[in-house]
1. Would you be able to say whether some residue in region 153-174 is hydroxyl-bearing (Ser, Thr, Tyr) and either part of a strand (DSSP E or B) or closer than 30 Å to residue 54 by Cβ (or both)?
2. Hey, can you tell me all the residues within region 135-152 that are of a type in the set (Lys, Arg) and not in a strand (DSSP E or B)?
3. Check off (1) at pLDDT 90 or above; (2) surrounded by fewer than 16 Cβ atoms within 10 Å (Cβ to Cβ); (3) under 30 Å from residue 174 (Cα atoms); (4) of a type outside the set (A, V, I, L, M, F, W, C) for residue 65 and give me the number that stays unchecked.
4. Of all residues in region 96-134, count the ones that are out of contact with any Lys or Arg (no Cβ under 9 Å at 6 or more places or on another chain), surrounded by fewer than 18 Cβ atoms within 10 Å (Cβ to Cβ) and assigned to a loop (DSSP other than H, G, I, E, B).
5. Being buried (at least 18 other Cβ atoms within 10 Å of the Cβ) and under 17 Å from residue 103 (Cα atoms) is the filter; apply it to region 46-62 and report the residue that is nearest to the chain's Cα centre (by Cα).
6. Within region 66-86, which residues are closer than 11 Å to residue 98 by Cβ and not charged (D, E, K, R)?
7. Hey, can you tell me all the residues within region 135-178 that are closer than 20 Å to residue 97 by Cβ and exposed (fewer than 14 other Cβ atoms within 10 Å of the Cβ)?
8. When you go through (1) surrounded by fewer than 16 Cβ atoms within 10 Å (Cβ to Cβ); (2) within 22 Å of residue 67 (Cβ to Cβ) one by one for residue 93, which number turns out not to apply?
Amino acid sequence: MLKPILHLKISAMYKSLIFIASVFLVLALHAKPLYALSTDSEQPIEISADKVQIDNIKGQSIYSGNVELSQGSLHITGSKLIVKTSASGELTRADAYGLPATLTQQPENKELIDAEAEHIVITYDNDQEVILNTKAMLTQGANKFFGDKIRYIVATDQVIADSQKNKRVKVVISPQPSKQDQNNNTKTTEEDQ
C-alpha cells in the first residue's frame, strides 16, 4: 500500500496560504488510491475552475464550474470538486460531480484507468475507496465495468459493482493474448521492418 504524500495541518497563521494548501490536499488525496505512475507526485498540479471557496472552520474546499485537475498522468474533470479534511487537517474525502465527472490515470506497469460517473467519491481513511455513483463506468484496457455503483477498495484490490432494481451490472473481460499470439505479432513486426 502506498503511503500518503502529504499531510497538512491548517492553522490560523497559514490562512494566506490556504489556497495552495488545498491544491496539495487534492493532490495527496487523488494520488494514493489509484496507484499512479511514480513520477506523478513530482509533477506540478494544475487546477482550473470558475470559482473556489475555502472554509477553514469546516475543513472544506469547493471548486466549481468547469473544474479540471491535472498532475502527471492524473486528470479529473467535473462541474464541482469538494475536498474535506479532519479537524487535525488530515485528508478524509474528495467528491467530484458532473454529467459525467471523469477520472483518468496511468498506473505503474498497467493499462490506463478511465472512470466516469455523475458522482465520484474518494475516501482517505482506513478503508480507502474510490466509489463511482450513478451511471458508473470503469475501464482498464479492454476490460469494462458498468453499473449504478462501482466501488474499488484499495487495500484488498477489489472491485464491487451493483445496480438498482430491474437493472443489471455489465462486465466485459477481454481475453489476454496468448504467448504464441504475442510471439507471432513480434515476428510480424520484425519482418515488416
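1. Residues of region 153-174 hydroxyl-bearing (Ser, Thr, Tyr): 156, 163, 174.
From what is left, the residues that are either part of a strand (DSSP E or B) or closer than 30 Å to residue 54 by Cβ (or both) are none.
Checking region 153-174: not a single residue is hydroxyl-bearing (Ser, Thr, Tyr) and either part of a strand (DSSP E or B) or closer than 30 Å to residue 54 by Cβ (or both).
2. Within region 135-152, the subset of a type in the set (Lys, Arg) is 135, 144, 149, 151.
Listed by number, the list is empty, since nothing qualifies.
3. Tallying (1) at pLDDT 90 or above; (2) surrounded by fewer than 16 Cβ atoms within 10 Å (Cβ to Cβ); (3) under 30 Å from residue 174 (Cα atoms); (4) of a type outside the set (A, V, I, L, M, F, W, C), residue 65 fails exactly one: (3).
4. 7
5. Filtering region 46-62 for residues that are buried (at least 18 other Cβ atoms within 10 Å of the Cβ) and under 17 Å from residue 103 (Cα atoms), the one nearest to the chain's Cα centre (by Cα) comes out as 47.
6. Result: 66, 67, 76, 77, 78, 79, 81.
7. Correct list: 164 only.
8. Condition not satisfied by residue 93: (1).
The values are calculated or read from the model by the stated rules, or taken from the named source; none is laboratory data. Being a predicted model, the structure only gives us computed values, none of them experimental. With ideal geometry, Cβ positions are generated from the backbone for all residues, glycine too; neighbour counts draw on all protein chains shown.
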